[in-house]
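Beneath this line is the structure, given in C-alpha cells, with notes to follow.
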Amino acid sequence: MDPLAFALTRRLWFVFGIHLGWNFLQDGVLGLPNSGITALPSWLAGETSGPRWLSGGSFGLESSLVSVLLRLAVAGLLLVRVVRRRQFVSSRNRKPFATIDVESASPSSEGAPRP
C-alpha cells in the first residue's frame, strides 16, 4: 500500500503520514498492541478477544484477516488511481541515473602526441 501511495502522490511525507496514522490509531487511540508492543499509553483501553486470525492475537490488529483485507482494498483503490493517472514508470521507459559519454569523459589529449 505504501509504494502505491508514493506512486500516486510522489510525496514521501504522505507515506510517512499513513504509516504514523495507522500506528497512532492502534497505539494512541484504541490501546491495542501494535507489532507486539503493548506498553504504550492510549486514550482508550482496548482489548482484543476471539480467534487469532480475526483479532490478530498478541501481535495486534495488523496481523488480523480484517486488517489484511482492509489494506488490500485500500491498495486496490490506490492501484486503480495510479493506473488511471499513468503514474507507473515502466522499466523500459526508465532513464538511467547518469549517462557518461566515454569520449568526453576521457582525459584531454590536447598537446599529447598521437600514437
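Bear in mind these aren't lab numbers, they're just calculated from the coordinates by the rules spelled out. Predicted, not measured: the structure shown is a model, and the values here were computed from it. Counting neighbours? That spans all protein chains shown, and the Cβs are built from the backbone with ideal geometry, glycine included.
Projecting the Cα atoms of GLY50, GLY60, PHE6 onto the charge dipole of region 2-91 (Cβ charges, centred on the Cα centre) puts PHE6 farthest toward the positive pole. What you get for region 2-91, charging only the Cβ of Lys and Arg (+1) and of Asp and Glu (-1), is a dipole of about 660 debye around the Cα centre. In this simple spin-label approximation, ASP2 and ARG71 carry label points 7 Å from Cα along the Cα→Cβ vector, and these lie 1.0 nm apart. Taking other Cβ atoms within 10 Å as a rough exposure proxy, ASP27, ASP2 sort from fewest to most as ASP2, ASP27. Each principal axis of region 2-91 carries a Cα extent, and these read 44, 26, 19 Å when sorted largest first.
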